[in-house]
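Notes for the one structure printed next.
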Amino acid sequence: MKILIKNGRLVDPSQNLDDNLDVLVDDGVINAIDHDIQSSDADLIDARGMFVTPGLIDMHVHLRDPGQEYKEDITSGTRAAAAGGFTSVACMPNTEPVNDNLATTDYILQKARICGVVNVFPVAAISKGLKGESLTEMGELKEGGCVAFSDDGHWVSNGDLMRRALEYAGLFDVPLISHAENFSISGKGVMNEGFVATELGLRGIPWVAEDAAVYRDVALAEFSGSRLHICHISTRGTVEIIRTAKARGVRVSCDVTPHHLTLTEEAVRGYNTNAKMNPPLRTAEDLEALYQGLRDGTIDAIATDHAPHHRDDKNVEFDRALNGIVGLETALPLVLMLVDKGAFSLNTALAALTTAPARILSLPRGSLKKGGVADITIFDPEKQWQVDSERFLSKSRNTPFEGWTLKGRVSRTLVAGKTVFQDLES
């Protein structure tokens, strides 16, 4: 089956392309990219006024499957991803049971093949049961289809175990993804430590809880020579630690979330539990440092940390509310909003959503090169819409962006040349 995408503005950071180009897809593969392609036997997609990009890749999502399917499952999560323009997602291991064994990995992969509409790449646990006591069978899990290892939600506080994990993962050249938070420092904090927390009477989490954990993990990565990825960074100190580490040649990468790029601790006012997350929302100064980190290449990727929760998990006192927000269906317009404001360039943004996560996770995706898989996102950069969580394809509604008017809407998402989402209002 042939598909011809015409009249769009093609932006592909992997090829340094930004031009009005047509794309011809044949049997799920990119067949040609050129000006004014003609094909009488292809189905036509008119992308006039649209951007055509490699399919977006989210390297940090929680699909809650297996174990908490009432919050999200592979079916709903991948449909939400497609609606947000994501053609590939990497799902974290803190499921029930934990993805620390081949049986769970196989379940995820098989269900994704049957029920999923986008590519699903499992991330396995570093330690058995996420307990930080003993390592998982990394080689077996890598062979079984896992693309990285993480105890996400838990920092591997045992330095020797983290060292051994890095050394072992280095044998397979896969990254360890660190949730960098020294829990002995963050304690029972529930938001950023500072004036707002004091005014609200809430226990704070100081920036040093993140920075200290990042510093140790970077030192261990430098010592071992293995690949380390720091997820959802939030402080200016972390940006500087990673910047200087990269200058020394340490094999470290990192990502930032759209919500840590757009919101500050001020969003917590009114005890808004949809603004409760980990790491917590920080300050305006931290946001500026994150922008600079994206501009100069210190920050590699943008990832949503999509964390669906039932209403009952959020409709409680702030101290008791669970951390996290849904992000798949709002990520792209939030990033485009920052591009419009001049925080960083469109090319930087799209590279952070495509080529960078593909490189970090060694995925054969994130590019529109001839001969590659036709994972493609088409979006209207000018279309305005209002966030209404009741219309989300995710099962959960926990977003701090409810009611926001955003600009930029996915028109169509294709996975291997097959349309898996189409905005019928476009």
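The values are calculated or read from the model by the stated rules, or taken from the named source; none is laboratory data. Note that this is a predicted model, so its numbers are computed, not measured. Backbone-built Cβ (ideal geometry, glycine too); neighbour counts: all protein chains shown.
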Next on the checklist: So in the range 115-167, with the set limited to residues that are surrounded by fewer than 20 Cβ atoms within 10 Å (Cβ to Cβ) and among the hydroxyl-bearing types (Ser, Thr, Tyr), which one is farthest from PRO93 (Cα to Cα)?
Outcome noted: SER157
Item to check | Some residue of the range 209-216 being more than 24 Å from VAL339 (Cβ to Cβ), in a loop (DSSP other than H, G, I, E, B) and either modelled with pLDDT of 95 or more or not hydroxyl-bearing (Ser, Thr, Tyr) (or both) | outcome: no
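Considering only helices (runs of 4 or more DSSP H) fully contained in the range 264-354, which possess at least 1 residues that are hydrophobic (A, V, I, L, M, F, W, C) and under 22 Å from VAL196 (Cβ atoms)? Spell out the reasoning first.
Numbers: elements: 284-295, 311-314, 331-340, 346-353.
In the range 264-354, the matching helices (runs of 4 or more DSSP H) lie at 284-295, 331-340.
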Item to check | Residue that is nearest to ASP340 (Cα to Cα), among those in the range 363-410 that are of a type in the set (Gly, Ala, Ser) and under 20 Å from the mean Cα position of the chain (by Cα) | outcome: GLY408
Checklist entry - From the list THR244, THR257, which residue is more than 30 Å from GLY67 (Cα to Cα) and of a type in the set (Val, Ile, Thr)? => result THR244
Next on the checklist: So in the range 368-426, with the set limited to residues that are of a type in the set (A, V, I, L, M) and touching an Asp or Glu at 6+ places or on another chain (Cβ under 9 Å), which one is farthest from LEU44 (Cα to Cα)?
Outcome noted: VAL387
Checklist entry - When you go through THR419, THR377 one by one, which is the residue that is modelled with pLDDT of 95 or more, of a type in the set (Ser, Thr, Tyr), surrounded by fewer than 20 Cβ atoms within 10 Å (Cβ to Cβ) and part of a strand (DSSP E or B)? => result THR419
Item to check | Elements of type strands (runs of 3 or more DSSP E) contained in the range 1-99, each with 3 or more residues being buried (at least 18 other Cβ atoms within 10 Å of the Cβ) and of a type in the set (A, V, I, L, M, F, W, C) | outcome: 2-6, 22-26, 56-61, 86-91
Checklist outcome for this item: Of the candidates ASP36, ASP41, ASP22, ASP18, the one satisfying the condition of being closer than 18 Å to GLY371 by Cα and not hydrophobic (A, V, I, L, M, F, W, C) is ASP22
